[in-house]
Amino acid sequence: MDQEIPGGKTKERLARRDDPVNLIRRKELRQVLTPPGFGRPSSRAGKKQIVVFLDPDVLGRLRARARDEERTMQEVLAACINEGLQPLGHPPLFVVEHRRMFVRSMRRAKPRSGEDTRPSRRGLNGLAGWFEEAIVDAALSFAVERGTSVQAIGEAGARRLLADPTLQIETPAALDPSAA
């Protein structure tokens with residue numbers, strides 16, 4: 001017979017790692033013991049990631065434009081979302097920060113495929129960036145309020161950036177502290 005321990009659990013049940021009760025307890029314990037941002041570089045503390053999945057051809061054209069304008073792909077993503085917000089009547093949210101250039105030395109990522117990939121993402125590549133948590137939350141709230149998604153806003157912004165070569169990948173004047 002199993003020995004009863006505090007909390008009404010038995011040693012046998014606590015020993016099972018796949019027990020749902022233990023999984024929840026371990027997750028709760030990790031949340032309590034793990035400081036915010038732990039496991040991430042300090043540059044990502046207080047930030048959330050946004051990923052917009054795009055056709056490889058569209059992403060390639062955005063990469064070429066970023067290279068021509070000496071911009072990072074995170075800056076391109078910020079500009080795409082800002083451009084996508086404009087037709088919806090929302091002011092730009094994302095500052096296009098140029099902190100450093102990082103050129104990937106590995107091969108480019110292949111488009112997503114396989115059974116474990118969501119059907120809506122098959123054949124697409126991700127364009128990702130880390131932004132301030134409050135700004136990401138504001139973008140998500142606006143998207144939900146308008147019955148759309150940040151994915152759709154980013155796609156629309158990418159189309160606008162590629163369709164109009166006069167649009168710059170830069171911080172909008174309304175968000176630029178040096179413009180004041």
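The values are calculated or read from the model by the stated rules, or taken from the named source; none is laboratory data. Note that this is a predicted model, so its numbers are computed, not measured. The protein model used for the area step is the full one, side chains on, heavy atoms only, and it has no ligands, DNA or RNA in it. Shrake-Rupley method; radii C 1.70, N 1.55, O 1.52, S 1.80 Å.
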Original post:
Around residue 53, which amide H atoms from residues at least 5 apart in sequence, or from another chain, sit under 5 Å from its own amide H, with H modelled in the peptide plane?
Top reply: 127
Subject >> Amide proton proximity set for residue 96, modelled H, under 5 Å, gap of 5+ >> reply: 171
Original post:
In the stretch 117-160, what percent of the accessible surface is made up of carbon and sulfur (1.4 Å probe, ligands and nucleic acids excluded)?
Top reply: 52
Original post:
How large is ³J(HN,Hα), in whole Hz, for each residue of the stretch 86-91 in order, when computed from phi with the Karplus curve 6.51 cos²θ - 1.76 cosθ + 1.60 and θ = phi - 60°, using x for Gly and Pro?
Top reply: 4, x, 8, x, 10, x
